[in-house]
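Step one of this worksheet: look at the structure below.
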Amino acid sequence: MHTVLNHPLVQHRVSLMRNRETPSKLFRELVNELTVFLAYEALRDIRTVEIDIETPVARTKGLKVDEPRIILVPILRAGMGMLDGMLHVLPYAKVGVLGMQRDEATAEPIPYYVKVPPAKGGEELAIVIDPMLATGGSACDAVAQLKKLGYKRIKFLNLISAPEGIARFEREHPDVEVFTAAKDERLNSHYYIVPGLGDAGDRIFGTL
């Protein structure tokens, strides 16, 4: 399932991010803000338990998050730009890292670093984060690696998606929910998303 956050506050920030004149500092801030919006939507079904609360006025019931273990998995390097936003929402989460480099000729991912704790029983929730879903290669490979490590509950959060990447992801991982801030038109001949926002990693880290 692919969910697009069709909200004016989200689309306002997406528009600012697309602008080539937006400086890295503001771009990073927008990435963080959009990540928080994505997290809120993606975690609507997070597990909770009812607890007793005593307010200054009366006793009542409330809800407490009851997830045994949440693992945030940014895909290097651009995914690191979304990590602060996720940790703002889930400060108690663990963090794993997947390093992937794109083969410029084929656009396929080349894994070069994996530091993710293995699942312990399958109850963990793994959240993969990466700004762009272009061909879908990196995202699909990342989820495949998590499944090999025993993760059964996985979500993928990204900022901009291309139809080609969405189709591939849903074909290879129909059991994993995807949440994105914008679904764009297509990929160009260089496998960049159109209209997109350029290279997210370069714009986050100022390495243009």
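Which FRET efficiency value, to the nearest 0.05, is calculated for N6 and I53 with the Förster distance at 22 angstrom and r the Cβ-Cβ distance? Once the sixth-power term is evaluated, E becomes 0.05. Across the chain, the mean sequence separation of Cα contacts (distance under 8 Å, 6 or more residues apart), normalised by length, yields a relative contact order of 24 percent.
What is the angle, in °, between the Cα long axis of helix 8-18 and the longest principal axis of the Cα atoms in the chain? Nearest 10 is fine, range 0 to 90. So the inclination is approximately 30 degrees. A simple charge model with +1 on the Cβ of Lys and Arg, -1 on the Cβ of Asp and Glu and nothing else charged puts the dipole of the chain at about 280 debye relative to its Cα centre. Taking a straight line from the alpha carbon of K183, these lysines sit under 18 Å away, with near neighbours fewer than eight places off in the same chain left out: K155. For segment 140-208, the normalised intensity computed at q = 0.12, 0.14, 0.15 Å⁻¹ comes to -0.38, -0.51, -0.58 (log10 of I(q)/I(0), Debye sum over alpha carbons, equal scatterers, no solvent).
The angle separating the long axis of helix 137-148 from the principal Cα axis of greatest extent in the chain is about 40 degrees. For segment 2-205, the Kirkwood estimate of the hydrodynamic radius, built from every pair of different alpha carbons, is 17.6 Å. Three principal axis extents of segment 1-90 based on alpha-carbon atoms, in descending order, are 53, 29, 28 Å. Candidate cross-link partners of K152 among the lysines, defined by an alpha-carbon separation under 22 Å and a same-chain spacing of 8 or more, comprise K94, K115, K120. Placing unit charges on each Cβ (+1 for Lys and Arg, -1 for Asp and Glu) gives segment 2-205 a dipole about its Cα centre, and among G137, Q11, I204 the Cα reaching farthest toward its positive end belongs to I204. Compared with the dominant principal axis of the Cα atoms in the chain, helix 163-172 is inclined by about 60°.
Only the coordinates and a few stated rules stand behind these numbers; no lab work does. None of the values given here were measured: they were computed from a predicted structure. Positions of Cβ are backbone-derived with ideal geometry, glycine not excepted, and every protein chain shown enters the neighbour counts.
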